[in-house]
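The values are calculated or read from the model by the stated rules, or taken from the named source; none is laboratory data. Remember, it's a predicted structure, so these values are computed and weren't measured experimentally. Cβ coordinates were reconstructed from backbone atoms using ideal geometry, including for glycine residues, and neighbour counts include every protein chain displayed. The accessibility values were calculated without ligands, DNA or RNA, using every heavy atom of the protein model including side chains. Shrake-Rupley method; radii C 1.70, N 1.55, O 1.52, S 1.80 Å.
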Amino acid sequence: MAATTSLLHKPAMRVHKHPFDAERLILFSDGIFAVIMTVMVVPLKLNEKDVVDDFNLKTFLWNQKSEYLVYLFCFTTTSNLWMTHVRLFAFLKHVDDVIIWLNLFALLCATFLPYALSLISVFIQTMPYGFHLAISLGAVPVFLLGLIKTAIMWYSLRSPELLTPGSLPMRTVKVALYSSFLSSSVLAVVAVLIGFAERLLTLSRVCLFATTGVATTTRFVFYLYLRCKRDEQYTFLSEPPSRARVEALTDGVFSITATLMLLDFSSQGLPSVSSVQQDYKGSLIAALDDERYIFFSYIVSFIIIGMLWLVQYSMFQLIKTITPALTLVNLLTLGFIGVIPFTSGLIVIFSEAKNSDNEVLAVRVAMVVIFLAGVTQLLFWCIATLQNNVVTVEDPYINVHQFIKTLILPTVSFIVYWVSLAPDYAVVYLVYAAALITTPFLFILLNLSIYAWLRKCKTSETTSNDMGNLQNDSVS
């Protein structure tokens, strides 16, 4: 009896968890998000085998409208998923096996989005059944992502040992987060149900595309509600991501973009044994010489990616915090960066077709993308300098230096684009080739010149200050 009583009053055995640091899981997730953001450019790429004698690049680009919309939708959806992931893991300092597996399932659903959205672009103008099935497959990952994010939030709030001290949100913020997570799932179900009616297929597509911003809209409504009530909890819903996470995502997109161009170069610039023997009489040097345009285009495209990354890197070194506006502009930059493999592929395919409309159009498209990427970087820096307590260095000379550095690529791409409007194709090709060759050297030369000028200005300013001090001392 005594033994039974002791067993009845024995305290319950606690289940010991083995929490891990959340940083590595976060970096892994940012890498997956970067892959998803850039891989959707692959369906846009033009296959060289499809280029025939009467191929019209302008018609091809116009017929790709649905693919462009799918890329935009996939990039926007992935950006929102990444932002939600940032807010979700802002409460977590540690993770356990449950959080890791739920996060892996969420990433699995996110990686399925490009395939599902590609199906929608293919069957968008076909029979209703095929389109409805594509809509259903696109809605499934969106629906599951909302449930998984809700599960991660629910489990995290019931595991205090995983939370960052002092980060537990209040009841209204919890409702806001749960509502934002589940709203996309509800709208995905509505899109599938509406799609059963043939006349409402367009509305079904609109509902599916609306899942991109419904979570953000829901969170923004709660933000305004708390702000109107002057409740300080609204900061939980407006806090921007950390600079480390933004840098990780940015570096991931840049590196994967460069990798995609490397894959194109490896597949297009590698001659086969049969072609060397039959077309070049066994001369590998002649075969490689015939592929010189591919080598040239790859090197220049990689240098352009490197210069854009250098500008991005130097800007992040001069800021100490990330604001919501900077986060949005940075995502816009990454969206244009992800399209560069597509434009560089067009230049490679039509590089040998000199004096043709297709080549000039390929140059124009590439210059537009580079210009937009550079302009968004310039906008990023302007916003950073105008906002308070963002730039670490208050020296106006350094700010001007960074501004001019950011202005180089947009200026060069703008000049090349307007020259491409000239009727003389030979001049267009000459200016394009010269710009691609000289831009890296111009970038370095301008930086050295600006550095020397800033150093001279600082030296003269220091000298004038010293002279003023000497005059004051003599007067006294």
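Select from the range 21-56 the residues that are at pLDDT below 80 and open to solvent by less than 60 Å² (accessible area, probe 1.4 Å) and write down the one among them that is nearest to the chain's Cα centre (by Cα). Among residues in the range 21-56 that are at pLDDT below 80 and open to solvent by less than 60 Å² (accessible area, probe 1.4 Å), the one nearest to the chain's Cα centre (by Cα) is Leu44. If you check every pair at least six apart or on different chains, which have Cβ atoms under 8 Å apart with a residue in the range 304-328 that is at negative phi and crowded, with 17+ Cβ neighbours inside 10 Å first and a residue that is acidic (Asp, Glu) and part of a helix (DSSP H, G or I) second? Cβ pairs passing all conditions: Trp309/Asp251; Phe316/Glu247. Pairs linking a residue in the range 343-358 that is modelled with pLDDT under 65 to a residue that is surrounded by fewer than 23 Cβ atoms within 10 Å (Cβ to Cβ) and among the hydrophobic types (A, V, I, L, M, F, W, C), with Cβ atoms under 9 Å and 6 or more positions apart or on different chains, are Ala353/Val51; Lys354/Ala426; Asn355/Ala426; Asn355/Val428.
Taking the conditions (1) open to solvent by 40 Å² or more (accessible area, probe 1.4 Å); (2) under 30 Å from Gly345 (Cβ atoms); (3) modelled with pLDDT under 80 in turn, Thr259 satisfies each one other than (3). What number of residues in the range 284-295 are surrounded by 13 or more Cβ atoms within 10 Å (Cβ to Cβ) and modelled with pLDDT under 75? Selection size over the range 284-295: 7.
So the check is Cβ under 8 Å with 6+ separation or different chains; which pairs have a first residue in the range 38-54 that's in a helix (DSSP H, G or I) and a second one that's among the polar types (S, T, N, Q) and modelled with pLDDT under 75? Note: pairs meeting the criteria are Pro43/Ser121; Glu48/Gln268. Tell me whether the range 166-180 contains one or more residues that are of a type outside the set (D, E, K, R), under 21 Å from Cys74 (Cβ atoms) and modelled with pLDDT of 70 or more. Taking every residue of the range 166-180 in turn, at least one turns out to be of a type outside the set (D, E, K, R), under 21 Å from Cys74 (Cβ atoms) and modelled with pLDDT of 70 or more.
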